[in-house]
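K.L.:
Take a look at the following structure, please.
Since every read-out is calculated from the coordinates, none of them should be taken as a lab result. Remember, predicted model here, so these are calculated numbers, not experimental data. So basically every Cβ, Gly included, is an ideal-geometry build from the backbone, and we count neighbours across all protein chains shown.
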Amino acid sequence: MMTPRPDLAPDATLSREEMETLQREIADVAVFEDDDPPLEPESLSNPLAATSTGGEPPVVAGVDQSFLLDDNEEDDRALSAVVAMQAGEVIERVFAVTPLEIPYIPGLLSFREGRPILDALEELSVEPDLYLFDGSGRIHFRQAGIATHMGVVRDVPSIGVAKSLLCGVPRDDTENLPAGTTVPIEANERVDAPEGTLLGYAVQTKQYQSSSRYVNPLYVSSGHRVGPETAADAVLALSEGYKLPEPVRLADSYATEAKGEFVAVDESG
């Protein structure tokens, strides 16, 4: 697939100030609203919802990464894994291994991991209708987390699914929420947006029945071409008894599996 915005692709040679400037440009280009027609979350894992209207079930891709260590036990290369699903079934799995060019810097994750992800996406033979990234979308200091950056560069509908809250503030308490609950996340002084701007949702995909332990919510936000409510509904629709939505959970599992296979081949060669 051709990259519509190569000028906005991650560039590890930029200074920190230049990276932050580029993120603001990406946020200006990003569309934090639904396409027309909008994505129907109920069709993501239910084939009958799509076929009843005469259409094909949408293809959803989950994206996650694993890392390969060098001789000094430091991250040296990224293994980016993509799992494409349709109607709840895996239809393709691909990965790519790419050298890492910069260390981890909070708020600049896409400049470290974005290039490896773009390489992996080039391996896909199918064209997903939606991408779910293990990381933030609009819930980001400059409204341009990894899901927004990748979504804008590829000009595809994308959602960020983060395990921790990078910035912003929940409108209500997020502790020990019942499964299926969503809590809006608003911009605060740490975000390049007016305070109170809706950035996304805390989404409770799973919860224990015991009062002695609880599952923390996911922090779900628009990446590109998906509205915040649709993003939250999509993640709930794709969660099947696990905390992570199924495409991301399977991408995480595949990243670990592919890493083992790659290391074995690498060491034998």
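K.L.:
Hey, how many Å between the Cα centroid of region 56-131 and the Cα centroid of region 167-239?
P.N.:
The distance from the Cα centre of region 56-131 to that of region 167-239 comes to 23 Å.
K.L.:
Tell me which lysines have Cα within less than 26 Å of LYS259's Cα, excluding those fewer than 8 residues away on the same chain?
P.N.:
Straight-distance partners of LYS259: LYS163, LYS243.
K.L.:
Give me the net charge of ILE146's neighbourhood, meaning all other residues with Cβ under 14 Å from the Cβ of ILE146; Lys, Arg count +1, Asp, Glu -1. All intermediate terms of the calculation are to be shown ahead of the outcome.
P.N.:
Working: positive: ARG112, ARG115, ARG138, ARG142, ARG154, LYS163; negative: ASP64, GLU113, ASP134.
Taking every Cβ under 14 Å from that of ILE146, the sum is +3.
K.L.:
What ranking do 188-198, 137-147 get when scored by the average of other Cβ atoms within 10 Å per residue, highest first?
P.N.:
Numbers: 188-198: 14.5, 137-147: 28.8.
By packing density, highest mean first, the sequence is 137-147, 188-198.
K.L.:
With label points built 7 Å along Cα→Cβ from the Cα atoms of GLU56 and ARG171, find their separation and express it in nm.
P.N.:
With each label placed 7 Å out from Cα toward Cβ, I get 3.8 nm.
K.L.:
Next up: Once you list every other residue whose beta carbon is under 13 Å from the beta carbon of TYR201, what net charge do they have if Lys and Arg are +1 and Asp and Glu are -1?
P.N.:
Numbers: positive: ARG138, ARG171; negative: ASP172, GLU186, GLU229, ASP233.
Net charge in that neighbourhood comes out at -2.
K.L.:
7 Å from Cα along Cα→Cβ at both GLU122 and THR256: what's the point-to-point distance in nm?
P.N.:
2.9
K.L.:
So what are the ³J(HN,Hα) numbers for region 221-230, from phi and the Karplus equation (6.51, -1.76, 1.60; θ = phi - 60°), rounded to whole Hz, Gly and Pro as x?
P.N.:
Result, rounded to whole Hz: 8, 4, x, 7, 6, 9, x, x, 5, 5.
K.L.:
What distance in nm separates the simple spin-label points at TYR242 and THR3, each placed 7 Å from Cα in the Cβ direction?
P.N.:
Inter-label distance under the simple model: 2.9 nm.
K.L.:
On a full-extension model of 0.36 nm per residue, what is the gain between TYR208 and TYR104, subtracting their alpha-carbon distance, rounded to one decimal in nm?
P.N.:
Numbers: separation 104, 0.36 × 104 = 37.44 nm, distance 3.30 nm.
Gain in length upon complete extension: 34.1 nm.
K.L.:
Ranked from highest to lowest mean number of other Cβ atoms within 10 Å per residue, what is the order of the peptides 250-262, 199-211, 94-106, 229-241?
P.N.:
Working: 250-262: 17.8, 199-211: 19.5, 94-106: 14.9, 229-241: 21.4.
Order by mean packing, descending: 229-241, 199-211, 250-262, 94-106.
K.L.:
Also, quick follow-up: Between rounded, prolate and oblate, where does the chain land on the alpha carbon gyration tensor, with a ≥ b ≥ c its root eigenvalues, rounded for a/c under 1.5, else prolate if a/b exceeds b/c?
P.N.:
Judged from the Cα gyration tensor, the chain comes out rounded (a/c under 1.5).
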